[in-house]
Every structure is written in structure tokens, then in C-alpha cells.
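The values are calculated or read from the model by the stated rules, or taken from the named source; none is laboratory data. Just so we're clear, the structure is a prediction, and the values are computed from it rather than from any experiment. Don't worry about glycine lacking a Cβ; one is built from the backbone with ideal geometry, like all the others, and counts go over all protein chains shown. Accessible surface is based on the protein model in full, side chains and every heavy atom, while ligands, DNA and RNA are left aside. Shrake-Rupley method; radii C 1.70, N 1.55, O 1.52, S 1.80 Å.
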Amino acid sequence: MNGKRALTGLILVLIIIAAGSALMGCETHAQAKAIMARGKCLDCHTIGGKGGSVGPNLTNVGGRRTRDFIVQQIKSPQSHNPNTAMPSFAGRMTDQEINLVTDYLAGMK
Ligand code: HEC
């Protein structure tokens with residue numbers, strides 16, 4: 001009896017943890033998307049079939065670029081390509097915002 005109760009309790013806890021982290025994932029992705037909408041990233045980039053084609057499609061960018069590369073690209077695209085069409089977002093996004101967007105992009109593999 002006790003064993004069964006403990007197991008039920010454990011399963012409940014696991015479900016709560018899973019649901020909680022799924023919700024947090026949605027929340028941070030929603031924030032990242034809102035920041036990217038403000039930065040007009042999709043004027044130049046496509047994600048999931050939507051957006052522009054001035055820059056590379058970012059749908060699977062996490063599979064070909066590291067986190068560090070993406071942070072650097074957002075802060076100083078000139079450091080990767082002196083003639084880049086991409087503006088620097090260093091003064092326009094906080095470090096926290098850049099981190100959120102980078103987590104989102106790096107997670108797309
Ligand atoms: C005016 C057009 C433009 C805008 C706006 C823009 N980018 Fe870019 N981006 C580019 C171009 C062009 C490249 C290709 C590399 C280069 O030439 O610098 C690029 C490259 C990148 C890359 C590297 C992709 C790869 O595969 O190497 C990332 C990541 C990226 N941009 C993220 C962003 C994010 C995030 C935003 C918004 C905050 C943004 N870009 C806004 C034009 C733009």
C-alpha cells in the first residue's frame with residue numbers, strides 16, 4: 001500500500017516538473033520572439049517558413065553555429081563580415097535580451 005502511494009506521489013511530482021519546464025520553455029521562446037519582432041530580425045531572416053531572405057535562414061541555425069558565435073553575431077556582425085548587411089544590436093538589446101534570443105536560436109537544430 002505504502003509503496004503504491006509513494007509511487008503515485010513520485011509520478012505526480014514528475015508530471016508537475018515536466019509541465020512546469022514545458023511552460024517555462026514556451027515563456028522564454030515567446031519572450032525571444034517578441035524581442036526579435038522588435039529588432040525586425042525577420043525582415044532579413046526566415047524562421048519556420050516566415051521572413052525575409054537578405055540573411056541566412058535561421059530555422060536550423062543552432063545546428064551549424066555555436067552559442068558564442070550567435071551572441072557575437074548579434075552584438076557585432078561586423079566582426080564576422082566587415083561588409084555585413086546586418087546591423088549591430090549591441091546598443092539596442094540588453095545582455096539579457098541577447099541571451100534569451102541566443103538560447104532560442106541555439107536550440108533550433
Ligand atoms: C538588415 C538585415 C538583417 C537584420 C535586420 C538582421 N540580420 Fe542577421 N544576418 C544578416 C545577414 C546578411 C547575415 C549573413 C552574415 C553576414 O553577411 O554578416 C546575418 C547573419 C545572422 C546570423 C548567423 C547565421 C549563420 O548561419 O551564420 C544570425 C544568428 C543572425 N543573423 C541573427 C539575427 C538576429 C537575432 C537579428 C535580430 C535581432 C538579425 N539577425 C537581424 C542580415 C540581417
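Miscellaneous remarks
- Residue match in the stretch 4-17 (condition: of a type in the set (D, E, K, R) and farther than 24 Å from K109 by Cα): yes
- Highlighted here are the helices (runs of 4 or more DSSP H) found entirely within the stretch 1-93 that include at least 3 residues which are within 16 Å of the ligand (Cβ to nearest atom), among the aliphatic types (A, V, I, L, M) and surrounded by 10 or more Cβ atoms within 10 Å (Cβ to Cβ): 2-39, 67-75.
- Those residues of the stretch 27-65 which are small (G, A, S) and touching a His at 6+ places or on another chain (Cβ under 6 Å), in sequence order: G51, G55
- Residues (out of contact with any strand residue (DSSP E or B) (no Cβ under 9 Å at 6 or more places or on another chain), within 10 Å of the ligand (Cβ to nearest atom) and either under 17 Å from K40 (Cβ atoms) or open to solvent by 30 Å² or more (accessible area, probe 1.4 Å) (or both)) located in the stretch 94-109: E97, I98, V101, Y104
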